[in-house]
Structures are given as structure tokens and as C-alpha cells.
Amino acid sequence: MDHNFLSAFVLLLLVLDPFGALPVFIPVMGRVAPERRITVALRETAIAFAILLAFMLGGGGFLALMHLSERSLEVAGGVILLIIAIRMIFGHNDERSADEHASDEPLIFPLAVPLLAGPSAMATVLLLASRQPDRTGQWIGALSLAMAVSGLVLLAAERIRRWLGDSMVSAIEKLMGLVLSAVAVEMILAGLKLYFFGGA
């Protein structure tokens with residue numbers, strides 16, 4: 001399944017799922033001093049971006065080291081995204097649950113990892129880079145834009161929750177999950193097509 005800049009941006013935004021992060025981000029940031037919240041949000045977003053960028057740029061070498069094929073990565077990535085999409089649609093209470101015993105100011109966990117740079121996001125950037133390595137510049141741009149949007153959503157988390165209400169935020173996440181499920185199925189089918197027919 002080939003992507004362009006726009007489709008990669010949309011895919012990454014769906015995988016990062018900033019609206020789905022709001023129910024966790026709000027209570028975690030509630031324990032941070034008000035004057036530190038913007039700094040913490042920007043720092044955690046930057047850490048998540050750096051981690052995903054490292055996976056994107058080092059993807060080809062990682063696949064070669066592990067002797068993994070593009071077909072297996074595409075199917076595995078599609079399966080992971082499908083699981084994430086199902087949990088977005090039907091609700092989940094997983095690794096995104098805030099740790100009640102965490103320190104007042106989170107560092108890396110749980111905001112940067114796994115809230116933003118989770119397994120599905122890592123698999124997605126790895127897949128993009130390995131599938132079309134000649135477009136790495138576009139993928140970096142798409143990742144940068146998607147992460148910027150996610151950072152803005154997290155910065156405005158409390159305002160968004162007040163404006164839209166919890167039910168509307170939940171509805172938006174379910175809609176994003178529905179779109180992501182279709183993308184995941186397309187990825188799985190593309191990987192199976194490569195395996196059985198050797199076509200692109």
C-alpha cells in the first residue's frame with residue numbers, strides 16, 4: 001500500500017490519536033504545576049517525535065538485522081493497527097491508564113511513551129520508511145506535522161474537553177478508529193498480495 005505525504009500525515013495522525021489521549025493526558029497533567037504544564041507538554045511531544053524519527057531513519061537497518069521482509073512487516077503492522085482501531089471504537093483501558101503513583105511531573109512515561117510513541121506508531125513509521133525509502137523526506141515532514149497537531153491538541157486538552165464535552169471527544173475517537181480500521185485492513189491485504197502474487 002503506497003502512500004503520499006497527505007495520506008501518510010492522516011495515517012500518522014490517526015495512529016497518534018491525540019483525541020484518544022485526552023482522557024489520560026488531562027489527569028496526568030493535572031498533577032503538574034500550572035506554570036510547568038506547557039513546558040512538560042512540549043518536552044514530552046519532542047521526546048516522542050525523536051523516538052519515532054529514530055525508528056523511521058533506522059528502519060531499514062533494523063529490518064536487515066532482524067531478517068524481516070516488507071511483506072511480514074506490512075501484515076504485522078496492519079494487525080497492530082487493527083487492534084488499536086478496535087480498542088478506539090469499543091473503548092479501552094490499557095497502557096494509557098495513568099499511573100496513580102507516578103511522580104507529579106512525568107518524564108517519558110506515560111506521555112511520550114506509550115501515549116504518543118506507542119508500538120503502533122513505531123510500527124507505522126518503520127513501515128513507511130521501509131516501504132518507500134526514497135520518500136523519507138516526505139515521511140519526516142508528515143511525522144513532524146502530525147506530531148505538531150498532536151502537541152497542539154494536548155496543549156489545549158482541558159479547553160477541548162470543556163468545549164466539546166466528554167461524549168463528543170469519545171465520538172471523535174471512535175470515528176478515527178473506524179477510519180484507522182479501514183487503513184489497517186488495506187495494509188494487511190497489501191501485504192498478503194505481496195506474499196502471494198509478488199505485486200505492489
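Ala48 meets the conditions (1) modelled with pLDDT of 90 or more; (2) within 24 Å of Leu189 (Cα to Cα) in every case but one. The failed one is (2). Checked against the criterion of being at pLDDT 90 or above, surrounded by 22 or more Cβ atoms within 10 Å (Cβ to Cβ) and either within 21 Å of Val79 (Cβ to Cβ) or in contact with a Cys (Cβ under 8 Å, 6 or more places away or on another chain) (or both), segment 142-156 contains not a single residue that satisfies it.
Taken as a whole, segment 113-127 holds no residue that is among the small types (Gly, Ala, Ser), out of contact with any Ser or Thr (no Cβ under 7 Å at 6 or more places or on another chain), surrounded by fewer than 19 Cβ atoms within 10 Å (Cβ to Cβ) and assigned to a helix (DSSP H, G or I). From the set of residues in segment 157-187 that are modelled with pLDDT of 85 or more and in contact with a Leu (Cβ under 7 Å, 6 or more places away or on another chain), which is surrounded by the most Cβ atoms within 10 Å (Cβ to Cβ)? Among those residues, the one meeting the criterion is Ser181. Tell me yes or no: at least one residue of segment 90-108 is under 15 Å from the mean Cα position of the chain (by Cα), at pLDDT below 70, surrounded by 17 or more Cβ atoms within 10 Å (Cβ to Cβ) and over 20 Å from Thr136 (Cα atoms). Among the residues of segment 90-108, at least one is under 15 Å from the mean Cα position of the chain (by Cα), at pLDDT below 70, surrounded by 17 or more Cβ atoms within 10 Å (Cβ to Cβ) and over 20 Å from Thr136 (Cα atoms), which makes the answer yes. Within segment 145-200, the set of residues being acidic (Asp, Glu) and closer than 29 Å to Ser130 by Cα comprises Glu173, Glu186.
The values are calculated or read from the model by the stated rules, or taken from the named source; none is laboratory data. This structure is a prediction, so every number in the text was calculated from the model and none was measured. Glycine also receives a Cβ, built like all others from the backbone with ideal geometry; neighbour counts cover every protein chain displayed.
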